[in-house]
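The values are calculated or read from the model by the stated rules, or taken from the named source; none is laboratory data. Source: prediction; values computed, not measured. When we count neighbours, we look across all protein chains shown, and the Cβ atoms used for this are built from the backbone with ideal geometry, even at glycine. Protein only, heavy atoms only, side chains kept; ligands, DNA and RNA dropped before computing areas. Shrake-Rupley method; radii C 1.70, N 1.55, O 1.52, S 1.80 Å.
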Amino acid sequence: MFQNPIIQLIIPDLISFSSSSQIFSTIMDKDLQIVHVHSNSSMTCVTLTNMTKYFVETDMESYGFMSHYLPLFELQIGLIFIFSHLFHLLLKRFGITLFVASMLTGIILGDTFLGRYEYMKYNVYTVETRITLRILATLSINIFMFLSAVKMDVGMVLTTGKKAMSIGVACTLSPFIVGAIYTITQKDGSFADYKELVVILEVIQIQSITPFSVVSYTIDQLKLMNSELGRLGLSAALVADVYSIMIAFIASFFKDGYKGGSKIYFIAFATFLAAAAFIIRPIMLWFSRQTPPGTSVKSGYVSVIIVLSFLTGLYFFEFRQGPYIGPLILGFTVPAGSPLGTSLVEKFETISYGFLLPILTAISMLNVDLFLIVSAFTDIQPYMALIVALFVVKLTSCFIPSLFCKLPLIDSVALALILTCEGVIELTAIAVLKKKEVFSQELLSLMALFILFSSTFSPVLVKYLYDPSRKYAGYQDRNISCLKPQAELRIVTCIKKPVDIFSVKKLLRTTYPTKESPIAVYVLHLIELMGRTTPIFITHRKHKPVSNPISQNIILSFENYQQHNWNAVSVNTFTAMSPLKCMHEDICTLALDKLASLIVIPFHPKWTTRAATESESLNRFRNLTRKVLERTPCSVGIFFDRSKYNQQHIKASMDSYQSLCIIFLGGSDDREALALARRMAKNSTTTLTILHLISEEQDNDSSNWEEKTLNTNMIADVKQSNSESKGSTINYQDHKVKDGPESALLIHKLANDYDLFIVGRRDGIESPQTTGLSEWIELPELGVMGDFLVSDYLRSEASVLVVQKQKQKKYLE
């Protein structure tokens, strides 16, 4: 089959091969240079330097779809997704992130395990198909860096506090300075030649950087975005990333100076910065001004920005720099937040973080061979010592400033672990350096193993050490029942939509604030964070301009409410911009800081008397409500205002509720609801009906006598106060019921007799009065009775307030 005598040199290695990829591997092993390749389904023609063409017959058809590049590419991507999501499904309960699962996938499919077998090496992840995967990886890192820069608000560095500034500077400069000292001391030693000097500088640079995108990803996975530790970590990482970028550029100039190319690079970089500042940035601002509030950015603008990101990568690639530098700088020119930054993140975040990031991570790990670390341990031992030393220095330089800033010991350790956690940026950097032949295969494997170690154990330890809900522990009573009769009632109320303003004000009027019994209202406007990474919490000052029109409307409306209730109501307004999954932290933290006794959360199903309950982003806000109920440091009231959905009640919605009914079954939540209702009943124009549902089984039940005693005493106190007061507007009624259906029938008859129903949530409490109703519950966060009152079955026009008393959580110091 082979007639050319020159080819006989490699025929023994080729004779058993059946695919062109094996030929390429053999040629590379023989250090022969390929000049030209032409291949089809049955023949491969390869031209080598100083050699004639030779042909190798192949039987690719026997491999079916794997003989075609597209199905093979789909198989490769499919394997990455199957393994990465399988690992994540099995390990996420231990705090393992999708990034770590993707790294494990690359190890399994790569040269460490399955890649050692000939079938995988020569038929699945072949030499030439890895080129295609690397192209996809380059595209992935470009988009990832661009979006990371879009979500960063670099201007916040100027407003960062001293605490974050000191921690961020220390964690970046300390390892870099120590590494530089180490390099100088080794100048005449093992790193004397230029190539090894470059290697050691790259190792120091990678170990010194603190990428904001990696820290924000870690904090997001730990669900600490809105915690005090998370906010401090993000601020410190933002400062550290700015210094990391400066260090990277300085190192690039230093390395290029040895090659005589620093001047060219400096001119190219300065030219691009000038174009970004004086041409691209004004264009981005013009795009934002052309987008009216509440509308989407035109697709043409988005397309122009994406094309620019690719062109900027090409620009820096032309000067032998990383292609991701251009997209990174371009991302900084995009105004953070709405509308431009938000639109870009909404369109590309899912494909970047959900699709491209796992692929990028796994592809970067394919060339990692962990067994080389053992076989070449002597050669890489100096690098291992340097990596560990720089990690310890960085960890210490994060920990010590945190202690000096008076952070608790556990918080300081957790913050240091977060800031030293490595991720996709470091992994991509070592993969690029291996491709440029700066790093050896052994050093690549060593650093990849250390990145895996850091990204695995740092989040796990933080999750074990730091519990953000600890600060909400109920060491003090913060509920309405424990307030003195004339004490100030502090309420944190949440506003999601403009329609909530009128509903909340109506409920506040119903609480009957007076000079003798005032209320303090802390209004929190909730805005979902999009287009930026760092959450924002704004305390609005009087007579200060506000950019958000809805926030401005909220401020003016509640200032007007305060002026009409002078000496009885004090109002403070805030705005929280954060991811919806972390928004409960803002609510609970504000309630904790302001010593509030009640949090009011508007409930948002859309109700009409002719239609059933419709969902209006219900599931997302239901999750928010549930998290507040779990973490709350005080009592919570979930308020469903039906009047705002009825045209005939729009005018009435500006007044207070006049006819109230509390359904009392017993328990701490019902007693808290009754305490709030009694405060409302102090208004002479308000009537309160206490509907006490009594079960015959409970009368004969001697268990749980403590709860029964508390219920009896509170009802007795209400009756006594009612009898002693001449102008009392409280009406007490007790009804004996057998089960849930009988209770439902009784409430159904009274459904339209009142303006507002008040009930306790009674989560997890079984009672004969609700037997049968719990099986049909659709909204567990409202409790059995609350769910029934807001259901379409009731056909009522009354609003509903569901109350949960503060949960007493005890933690050991």
Problem - Greater than 23 Å apart at Cα, pairs in LYS627/LYS682; LYS223/LYS496; LYS594/LYS682; LYS162/LYS394; LYS394/LYS435 - result: LYS627/LYS682; LYS594/LYS682; LYS394/LYS435
Problem - Solvent-accessible area, 1.4 Å probe, carbon plus sulfur percent, for the stretch 353-488 - result: 68 percent
Problem - Area of TYR69 that stays accessible when all protein chains are in place (1.4 Å probe, Å², to 10) - result: 150 Å²
Fill in the blank from the handout: Calc'd 3J(HN,Hα), the stretch 783-796, phi into Karplus 6.51 cos²θ - 1.76 cosθ + 1.60 (θ = phi - 60°), Hz, glycine/Pro = x, comes to x, 5, 6, x, 4, 5, 5, 9, 6, 6, 5, 6, 6, 10
Handout entry: Other-chain or far-sequence residues with amide H under 5 Å of PHE664's (modelled H)
Key = LEU691, HIS692, LEU693
Exercise for the section: Name the shape class, rounded, prolate or oblate, that the alpha-carbon gyration tensor gives for the stretch 77-142, where a ≥ b ≥ c are the square roots of its eigenvalues, rounded holds for a/c under 1.5, and otherwise prolate holds if a/b is larger than b/c and oblate otherwise. Expected result: oblate
Handout entry: By average C-beta atoms within 10 angstrom, highest first, the peptides 208-221, 118-131, 169-182
Key = 208-221, 169-182, 118-131
